[in-house]
Amino acid sequence: MPKDSAGHLIPGRVSSMRSVPSHIVRPEYVGKKGPTPYSGSDVYSSDRIALIRESGLIAAQAIEAVGQAIRPGITTEELDVIGHEFIIAHDAYPSTLGYRGYPKSLCSSVNEVICHGIPDDTALEDGDIVNIDITAFKNGVHGDTNVTFVVGEASEDVTLLVDRTREALNRGIKAVAPGRQVNVIGRAIESYAKRFNYGVVRDYTGHGVGAAFHSGLIIPHYDAPQYNTVMEVGMVFTIEPMLTLGGSADWDMWNDDWTVLTKDRSVTAQFEHTLVVTERGAEILTLP
Ligand code: MF3
Ligand code: CO
Ligand code: CO
């Protein structure tokens, strides 16, 4: 099991890229260095919102399928296979596969990994937590969602971190309303996280999503008044707070140029939904 003597993760072996049936339409960035910069709108018609909801449903159900397999001993590579097979069985493309060179169909971020952990031969252990982040692309649009799972039974402080990170996402979603600035979201999340002295990661954010995986619209999870875009009915974006037990927002990156982990190696959790702004507030587009 790749952990060092202090119990910290070390990189495992990453297997070769999985194939996707040729009838499944690829996002434009696959096979290129990166995506074409997005110049379209973050506001969608109700017809396109229905398509994002369809992609979001596939992503959310894929996470459920992965979650049912999570137990001590399973590797994150085995979880990737389950997510990959679920997504392609629903005629969708796993958006992360080939995105800026990312090699897998989901992100699996264990314990001190904040986000973008790459599935490998790391076996999960009792008391670990693992975030599973899946984005599905179908009918020309992406739906992006993630869930942190507890493996077996975790310590009380870790279990509370997971539950409160889910609650932080819910509070962010409740702050959404047309006419408000997007900075209300991070203000709600950070003020809640601060009660428990959790750190709020700043350098990875929510984002506009739909026709593009990352549209360029940024949704911070901390109090950042300069992000003053006004929310409009039909606007689609993610909220995906990452909270740390150590209270710091500082991070390191592994040499794989993907895996982001807490600088103090404290445990961190994340939850994510894609949502659309409605007259009444927000509708989640990534419910299973
Ligand atoms: N799904 C992640 C997000 O929430 C992005 C993953 S990009 C990858 O924005 F390349 F790391 F997979
Ligand atoms: Co996202
Ligand atoms: Co995601």
Report summary line: Those residues of the stretch 254-263 that are in contact with an Asp or Glu (Cβ under 7 Å, 6 or more places away or on another chain) and open to solvent by 60 Å² or more (accessible area, probe 1.4 Å) come to a total of 1
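Residues to consider are 42, 4, 91; find the one that is open to solvent by 20 Å² or more (accessible area, probe 1.4 Å) and free of Cβ contacts under 8 Å to residues at least 40 places away in the same chain.
None of the other options fit; the residue is 4.
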Requested in this report: Take residue 157 and decide whether it is of a type in the set (Asp, Glu), more than 16 Å from ligand 2 (Cβ to nearest atom) and surrounded by fewer than 19 Cβ atoms within 10 Å (Cβ to Cβ).
Outcome: yes
Query raised in the report: Has the stretch 79-88 got at least one residue that is buried (at least 21 other Cβ atoms within 10 Å of the Cβ), touching a Leu at 6+ places or on another chain (Cβ under 6 Å) and either without any contact (Cβ under 8 Å) to a residue 40 or more places away in the chain or among the charged types (D, E, K, R) (or both)?
Result: yes
Query raised in the report: Got a sec? Which strands (runs of 3 or more DSSP E) wholly within the stretch 186-288 have at least 1 residues that are at pLDDT 95 or above, touching a Phe, Trp or Tyr at 6+ places or on another chain (Cβ under 8 Å) and on the phi < 0 side of the Ramachandran plot?
Result: 236-239, 242-244, 260-262, 273-277
Report task. Collect the residues in the stretch 62-86 that are in contact with a Phe, Trp or Tyr (Cβ under 7 Å, 6 or more places away or on another chain) and in a helix (DSSP H, G or I), keeping them in residue-number order. Result -> 62, 65, 67
Query raised in the report: Any idea how many residues of the stretch 103-150 are open to solvent by 10 Å² or more (accessible area, probe 1.4 Å), outside any loop (DSSP other than H, G, I, E, B) and closer than 22 Å to residue 51 by Cα?
Result: 4
Requested in this report: May I ask you to list the residues in the stretch 264-280 that are away from ligand 1 (no atom under 16 Å from the Cβ) and surrounded by 15 or more Cβ atoms within 10 Å (Cβ to Cβ)?
Outcome: 264, 265, 266, 267, 276, 277, 278
Report task. Scan the stretch 218-247 residue by residue and report those that are within 21 Å of the chain's Cα centre (by Cα) and touching a residue at least 60 places away in the same chain (Cβ under 8 Å). Result -> 235, 236, 237, 238, 239, 240, 241, 242, 243, 244, 245
Query raised in the report: When you look at residue 264, is it away from ligand 2 (no atom under 13 Å from the Cβ), farther than 17 Å from residue 145 by Cβ and in contact with a Leu (Cβ under 6 Å, 6 or more places away or on another chain), yes or no?
Result: no
**Report entry** Residues that are touching a Gly at 6+ places or on another chain (Cβ under 8 Å) and assigned to a loop (DSSP other than H, G, I, E, B), drawn from the stretch 28-54
**Finding:** 29, 30, 31, 33, 37, 38, 42, 44, 45
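Quick check on residue 230: is it of a type in the set (A, V, I, L, M), over 30 Å from residue 72 (Cα atoms) and within 15 Å of ligand 3 (Cβ to nearest atom)?
Criteria not met by residue 230.
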Report task. Check the stretch 137-151 and report whether any residue there is within 29 Å of residue 264 (Cβ to Cβ), away from ligand 1 (no atom under 16 Å from the Cβ) and without any contact (Cβ under 8 Å) to a residue 40 or more places away in the chain. Result -> yes
Query - Qualifying residue in the stretch 245-253 (condition: open to solvent by 70 Å² or more (accessible area, probe 1.4 Å) and aliphatic (A, V, I, L, M)) - result: yes
Query - Within the stretch 185-223, considering residues that are open to solvent by 70 Å² or more (accessible area, probe 1.4 Å) and of a type in the set (S, T, N, Q), the one farthest from residue 27 (Cα to Cα) - result: 197
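The values are calculated or read from the model by the stated rules, or taken from the named source; none is laboratory data. Remember, it's a predicted structure, so these values are computed and weren't measured experimentally. Glycine gets a Cβ as well: all are built from the backbone with ideal geometry, and neighbour counts include every protein chain shown. With ligands, DNA and RNA removed, areas are computed over all heavy atoms of the protein, side chains included. Shrake-Rupley method; radii C 1.70, N 1.55, O 1.52, S 1.80 Å.
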